[in-house]
Every structure is written in C-alpha cells, then in structure tokens.
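So the structure is just underneath, and the comments pick up after that.
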C-alpha cells in the first residue's frame, strides 16, 4: 500500500509524463478510485502543474508544464505582437508579486517595439497597472496593448490582438499573491529565465548570450567560497546554457523541465584572475563553449572547462565533479 506522499509523487510523475490531466486517465494509470484520483488532481492544481479553477478557463496542463513543439514566430507580426504583450504582462505581474524590478539586460530585449523604452514600460506595469490600479493580469495586458497605440504601434494590429491577448493570458490568470519567501523567489527566477529562452527560440533572442547571469546573479546562484581578488566564473558558460536550453526546446521539453536543468548547470566557482585569463584566451578559448563539443549537459561534468585548463577546481557544495581523471 502506497503512502499519501508516494501516491502524490507517482501521480505527479504520471501526469507530467503522459501530459494528460484527466481524472479518468489518472485512475487508469494508477488503478485507483475516482475519489482518490480527483483528490490528486486537486493537489496537482495547487502545485501549479495543472490549471486551477478560474472563470472561463478549461482544465489542462499549465503552460509552463506543457511539452509541445516550439516553433518560430519570426515574420508573423500578429503572433509576435500578442505573445510579447502577454509575456510582458506575466513578467511584470510576477515581479509585482515579489515587489522587485527587472534587470535592464533582461527587460530591454523583451520590449522590441521601436522607440519604446523599457523603463517606461516597467513604470507603467509596476506603478500604474499593478500598483495604483490593481489590475488583473489580463486587464493589465489589455491596458498595455491600448497604451502601445499612444506610442506609435499600428492601430490595426492592436485591435486584432485583443481577443488573442485574452486567450493568451487566461492560462496564467490567478489571484495576486505577494511572494516573500526567498527560496520561492529564486525558483521563479529560473522559471522566468526558461521562459526567456523559449521566447529566444520563438523570436530569435539568440544574441543575448549572457542573460543567465542577469536572471540569477552570482550571489544567488550556487557558488564556491568567495576570496578577495577572485573572479566568479560560470563553470558552464552562459552561452552554453542558452544553447542547451534551445536544444531542449527542440526536443519538446517544458519550461519547467528547462528551469530544473538550469538549476543544475548554473553554478559559479570563484577562481584566481590568472585562471580566468587561461579560460578566456589562447587558441582553445573556453569563454563561450565546453572543451568537448559532445559534452552532455545531463551526464557531463560541469567543471569540464576548468579541468581542461588544469585549473584547481573550488567545488561547489552539492555539485560534485562527475568525471574520472
């Protein structure tokens, strides 16, 4: 007989694997009764894996947990516009819940409309729509869409996008909830980073190679002990992290899958400045690549670059070396 926690863990794994959120499907997979399956579905809704009840929203997988093909929308003005509006509204909704603002290197590329400054957009969302007016996610997205009309965005495009924006916001819609727990705030940073990489596939953000360090700074990432004059080095270069994320989306990984992998790979080791020079210069520069082109992010040693340059590795607690020398 499985315990309650074991049954919940099994149901979680089953729903994520099958991508089927139905009570009947869970009953059949786990061979349990309807009441038990219903209770497990409710718990998975509370965890955010499945969509929780909300007016006008059908049951299903949360968008961040869906394993679906990620296709480029470059060249499609309508899809690009409404996705940008929805994702910016979601981005600032979460920041408002955390009472924080975005790093400029994260916010700037997400506001690609010509002549519109990211600071102005941030102020509108944080101070006006989520601040003074207390708008919902959908209301703020629609307000943003209308505001873009005052900034020179094509009127026909704005009008056409309204229904698509409502539909795009609905799966993410929820009650505003202040977030103060530091661990939860950190987890959300990884999810936002994974969403950014997904947009990179959709809209071509490929030139933003160092974005990982702007989402999760050195002080927040798992890191070795600091020492005076030492440099904080991402043991897996940020450009490699971006490439890994892009490859994962090509294989139908979900946002949450990618976020979990980034948590395992985004590690900072503090090394002497001369060791940094070894990595960043010479014929075999490892500033933006791993030494082995076939390096496997799921099995390969995250310290491979440091090993390749014979740099003494200041291992990070909980992130051991996995290779044999």
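Here are the numbers for the structure shown:
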read-out	value
Selection status of residue 296, loosely packed, with under 13 Cβ neighbours inside 10 Å and in the same structural domain as residue 227 (by TED's automatic domain parsing)	yes
Failed condition for residue 321, given (1) at pLDDT 95 or above; (2) surrounded by fewer than 19 Cβ atoms within 10 Å (Cβ to Cβ); (3) assigned to a loop (DSSP other than H, G, I, E, B); (4) in contact with a helix residue (DSSP H, G or I) (Cβ under 9 Å, 6 or more places away or on another chain)	(1)
Yes/no for residue 16 being farther than 30 Å from residue 102 by Cβ, modelled with pLDDT of 95 or more, touching a strand residue (DSSP E or B) at 6+ places or on another chain (Cβ under 9 Å) and not in a loop (DSSP other than H, G, I, E, B)	no
Residue, surrounded by the fewest Cβ atoms within 10 Å (Cβ to Cβ), within the range 108-124, restricted to residues that are assigned to a helix (DSSP H, G or I) and in contact (Cβ under 8 Å) with a residue 24 or more places away in the chain	109
Search result, residues across the range 234-252 that are buried (at least 20 other Cβ atoms within 10 Å of the Cβ) and part of a loop (DSSP other than H, G, I, E, B)	235, 236, 237
Of the criteria (1) within 23 Å of residue 207 (Cα to Cα); (2) touching a helix residue (DSSP H, G or I) at 6+ places or on another chain (Cβ under 8 Å); (3) outside any helix (DSSP H, G or I), which one residue 105 fails	(3)
Residue 143 modelled with pLDDT of 95 or more, in contact with a helix residue (DSSP H, G or I) (Cβ under 9 Å, 6 or more places away or on another chain) and not assigned by TED's automatic domain parsing to the domain that holds residue 47	yes
Qualifying residue in the range 200-208 (condition: farther than 23 Å from residue 66 by Cα and at pLDDT below 95)	yes
Count of the range 268-286 residues which are without any contact (Cβ under 8 Å) to a residue 24 or more places away in the chain and within 19 Å of residue 212 (Cα to Cα)	1
Options 289, 252: the member that is in contact (Cβ under 8 Å) with a residue 40 or more places away in the chain and within 23 Å of residue 71 (Cα to Cα)	252
Any hit, the range 259-277, residues being farther than 28 Å from residue 185 by Cα and part of a loop (DSSP other than H, G, I, E, B)	yes
Candidates 65, 129 - the one that is within 30 Å of residue 5 (Cα to Cα) and modelled with pLDDT of 95 or more	65
Meets criteria (over 29 Å from residue 69 (Cβ atoms) and at pLDDT below 95) for residue 228	yes
Selection from the range 125-135 of residues that are over 16 Å from residue 150 (Cβ atoms) and in contact (Cβ under 8 Å) with a residue 12 or more places away in the chain	126, 130, 131, 134
Subset tally (residues that are surrounded by 19 or more Cβ atoms within 10 Å (Cβ to Cβ) and either over 26 Å from the mean Cα position of the chain (by Cα) or outside any loop (DSSP other than H, G, I, E, B) (or both)) for the range 278-292	2
Residue in the range 21-40 that is part of a loop (DSSP other than H, G, I, E, B), surrounded by 12 or more Cβ atoms within 10 Å (Cβ to Cβ) and in contact with a strand residue (DSSP E or B) (Cβ under 6 Å, 6 or more places away or on another chain) present	yes
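Matching residues to (1) at positive phi; (2) touching a residue at least 12 places away in the same chain (Cβ under 8 Å); (3) not assigned by TED's automatic domain parsing to the domain that holds residue 138:
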position	(1), (2), (3)
13	no, no, yes
20	no, no, yes
23	no, yes, yes
35	no, no, yes
81	no, yes, no
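The values are calculated or read from the model by the stated rules, or taken from the named source; none is laboratory data. Quick caveat, the model's predicted, so the values are computed rather than measured. Methodologically, a virtual Cβ is constructed for each residue, glycine included, from the backbone with ideal geometry; neighbour enumeration extends over all protein chains shown.
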